[in-house]
Amino acid sequence: MFRWTPGRLFWKLVVALWISMILSIAVAATYFYLTGQAPPPPRDGIERIGVLPLAPLVSAGIAILITGLALAWYLSRPLQHLRWALRRMAEGRLDTRVRPLMGRRSDEIVDLAHDFDRMAVQLQQLTESRRILLHDISHELRSPLTRIQAAIGLLRQDPSQSDAMISRIGRESERLDALIEELLTLHRMEAGEAVRERVDIIELLHAIAEDADFEARASSRSVTIEAPGQFVANVNGDLIYRAFENVIRNAVKFSPEDAVVEIQCQVTDNGRMLKTTVRDRGPGVPEHMLEAIFQPFIRVEGSEPVHGAGLGLAIALRAIEMHGGHVRACRRAGGGLEVLLTIPLHLES
């Protein structure tokens, strides 16, 4: 528990106030000395120090002492709270919060306490998400490795199944390679590695939709796009391509046969914003998971038969947010899912 004790700042403030009082007295005495003026005539019984009366000096000293102690306590106590909280954070106790210790005061130090608590919350969330991510990564890597080891064991027991087992090992190796590539992409985005260039995002969307439609027709699905005009922005083309491609391919993947994935673009705010909606007729997502699906390795119940690393939407979210945009999902009327991706023309600083 926090206990306040007078520190260096406390005594420095007290000494500073006392020095200011002494200087005031010295200036007053110097004034009388240099001008040759006499102070007001003394009354009977009033003691003096030089030309200055003693009683006002003692009163001023007591007043400045009380004021100095109060002001020093008022200023140094919240700073000691912050120091205590920083020490606890350094020890790994990320649940530390300093604002409740500030009481009802309202000043710049309290604003600093608010900022500290926001930082603590973000660090706590980041640490927890990293812990979960590390756990999920080890699970996702272990699964294909286990199947590869099982295939090798079966191959040793029955060499006649070599073709089937080698084919299985090849598929699992490709899944591992895809997972590692997506993890590296996620790491690069979190590290802020992004080389920007001028890209027409609508033209990019047409290319993605064309490729996705070509592949979707092999499974009796199709992709349509309504994206007139152009929207040229200074972005990282590879990341934006991955973001839209992941969302569109995800919609195709979960759509039933003969379904149509619809892509609609709209330039708003006098050309300063691009809003893209991707709609499908898949099984949809429960209301409570509409935000969770953008976290790494989160899968909706019932989607297990669909292969994937579970990183596509997480990469899409981070790529769009790196460019100052937003991504959100909602349930589509009549069944399915809608994903709205918003990108500004200029990244806000």
When both residues are 6+ apart or on different chains and their Cβ atoms are under 6 Å apart, which pairs have a first residue that lies in the stretch 284-298 and is farther than 17 Å from Cys330 by Cβ and of a type outside the set (Phe, Trp, Tyr), and a second that is in a loop (DSSP other than H, G, I, E, B) and at pLDDT below 85? Pro296/Leu311
If the Cβ limit is 6 Å and pairs must be 6+ apart or interchain, which residue in the stretch 161-182 that is open to solvent by 40 Å² or more (accessible area, probe 1.4 Å) pairs with which residue that is not hydrophobic (A, V, I, L, M, F, W, C)? Arg175/Pro144
Filtered residues of the stretch 190-214 (kept if farther than 15 Å from Thr276 by Cβ and modelled with pLDDT of 90 or more): Arg198, Glu210, Asp211, Asp213, Phe214
Leu94, sole failed condition from (1) under 24 Å from Pro296 (Cα atoms); (2) part of a helix (DSSP H, G or I): (2)
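Which residue out of Ile148, Ile137 is open to solvent by less than 80 Å² (accessible area, probe 1.4 Å), at pLDDT below 80 and either touching a Ser or Thr at 6+ places or on another chain (Cβ under 6 Å) or assigned to a helix (DSSP H, G or I) (or both)? So that I can check it myself, show each step before the final result.
Numbers: Ile148 fails: at pLDDT below 80.
Checking each option against the conditions leaves just Ile137.
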Considering only the stretch 193-209, I want to know if a residue exists there that is at positive phi and either open to solvent by 20 Å² or more (accessible area, probe 1.4 Å) or touching a Lys or Arg at 6+ places or on another chain (Cβ under 9 Å) (or both). no
Could you check Gly271 against (1) within 21 Å of Leu313 (Cα to Cα); (2) surrounded by fewer than 19 Cβ atoms within 10 Å (Cβ to Cβ); (3) in contact (Cβ under 8 Å) with a residue 60 or more places away in the chain and say which number it fails? (1)
Within the stretch 71-100, can you find the residues that are open to solvent by less than 50 Å² (accessible area, probe 1.4 Å) and either in contact with a helix residue (DSSP H, G or I) (Cβ under 6 Å, 6 or more places away or on another chain) or of a type in the set (Ser, Thr, Tyr) (or both)? Ala72, Ser76, Pro78, His81, Leu94, Thr96, Val98
If I filter the stretch 197-246 down to residues being in contact (Cβ under 8 Å) with a residue 40 or more places away in the chain and among the small types (Gly, Ala, Ser), which single residue comes out as farthest from His187 (Cα to Cα)? Ala227
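The values are calculated or read from the model by the stated rules, or taken from the named source; none is laboratory data. Because the structure is predicted, anything quoted here is derived from the model rather than measured. No Cβ is skipped: glycine too gets one built from the backbone with ideal geometry, and neighbour counts run over all protein chains shown. Ligands, DNA and RNA are excluded from the accessible area calculation, which covers all protein heavy atoms including side chains. Shrake-Rupley method; radii C 1.70, N 1.55, O 1.52, S 1.80 Å.
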